[in-house]
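The next block holds one structure in the form of structure tokens; read it before the comments.
The values are calculated or read from the model by the stated rules, or taken from the named source; none is laboratory data. Here the structure is a predicted model, which means the values were calculated and not measured. Virtual Cβ from ideal backbone geometry, glycine too; neighbours counted across all protein chains shown. Side chains are part of the model used for accessible areas, which takes the heavy atoms of the whole protein and leaves out ligands, DNA and RNA. Shrake-Rupley method; radii C 1.70, N 1.55, O 1.52, S 1.80 Å.
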Amino acid sequence: MIGNLYNHGFEIPFNDPELPQWADGHLDKFCDLFWHETWKNGDEAIASLEIDMLADRYAYIKEGMALRAFQIYKLYENLGFKTFKQYCVKGLKKSVYYVKQVIKAAQTSWNLILQGFTELPDNVSQATRLATSVNQVSEETDKTTSCWQEVLDKAKNQSKPITANYIETTITGETAHPLATAKLPRDVWDKLRALAKQQGVKPEKLLEEIVGNYLHPKQEADPETETVDEPESKSNKKGPTPKTPEIKAWEKDLQDLVQERFTTEPNYQTTADNSTFARTKKGKKTQKNKTPPPEQYDRANPHQSTEFHNPTAD
């Protein structure tokens, strides 16, 4: 018999280890199954083991009942905690959101038991998905029993296992698409859920719409922007564009460079200034070009051109 003990994969408590009080039942179960082998006592013993297994399968119902009692009767105060949230986080090492999910799942499955169901959602995820899916298709609470019966019948006819996604697809009629996971702060998710509830949609659908609008924004004309931009473009054509100090400094350097270059040329006419670079200094207004009269061109140089002369091209 000792040889068979090593085939089950559970470590043997030979040294009589000290276990927490809540683990005493686990030790008894281990001894019944693998040490004393009570299942050898016949069909009744096996049936008893199955009952215990089903009870453990739906253990989240008892857990949810206990959590609800701690919440409404403030039993956590006897343990030194001031609030239920503090008890959940520091005492149970669980978030308040998850604890409330367990309570909701226990309430849902307990109602199914009272309606005569012997097969229930296997876990918290399935029970909460059942509740949210029913709320999506109907606000009536009595729809839970009919929807759960529909799930059981369909799963039996299709020979498929019941999962949380299967429950939702059966009740809502929506086919689940391949999904990815994104982590959001809890407060952001809670606000998203509240907004989705107001709009009558699932939070996931609302989040999908928000992200879709961000990735593919709608291109719509903004009349206010258009009316503001049009006069601005016209004013730019009529007058010079205001320049930043950096641009002004660059233009001044360029002007000085060109001026210096031109003054070194022997044919440079200081009185003839048709260049766009020449400006008066220190904010004075630009003087008009002092162009010699036509007869001066004829006498000095009859072939002189009024176009800008680039000495660098010579």
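Considering each residue of region 76-89 in turn, at least one proves to be in contact with a Gly (Cβ under 7 Å, 6 or more places away or on another chain), outside any helix (DSSP H, G or I) and surrounded by 14 or more Cβ atoms within 10 Å (Cβ to Cβ).
If you check 69, 164 for being open to solvent by less than 30 Å² (accessible area, probe 1.4 Å) and touching a residue at least 24 places away in the same chain (Cβ under 8 Å), only one passes: 164.
Conditions tested, residue by residue: (1) closer than 25 Å to residue 111 by Cα; (2) part of a loop (DSSP other than H, G, I, E, B); (3) at pLDDT 90 or above.
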| position | (1), (2), (3) |
| --- | --- |
| 19 | no, yes, no |
| 31 | no, no, no |
| 45 | no, no, no |
| 54 | yes, no, no |
| 68 | yes, no, yes |
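Considered as a group, the residues in region 118-140 that are touching a residue at least 24 places away in the same chain (Cβ under 8 Å) and over 20 Å from residue 67 (Cβ atoms) include one that is surrounded by the fewest Cβ atoms within 10 Å (Cβ to Cβ), and that residue is 137.
Here residue 27 does not qualify as under 46 Å from the mean Cα position of the chain (by Cα), among the aliphatic types (A, V, I, L, M) and outside any helix (DSSP H, G or I). For beta carbons closer than 9 Å, sequence separation of 6+ or different chains, a first residue in region 37-63 that is on the phi > 0 side of the Ramachandran plot and open to solvent by less than 90 Å² (accessible area, probe 1.4 Å) and a second that is of a type outside the set (D, E, K, R) and part of a helix (DSSP H, G or I), the qualifying pairs are 37/4.
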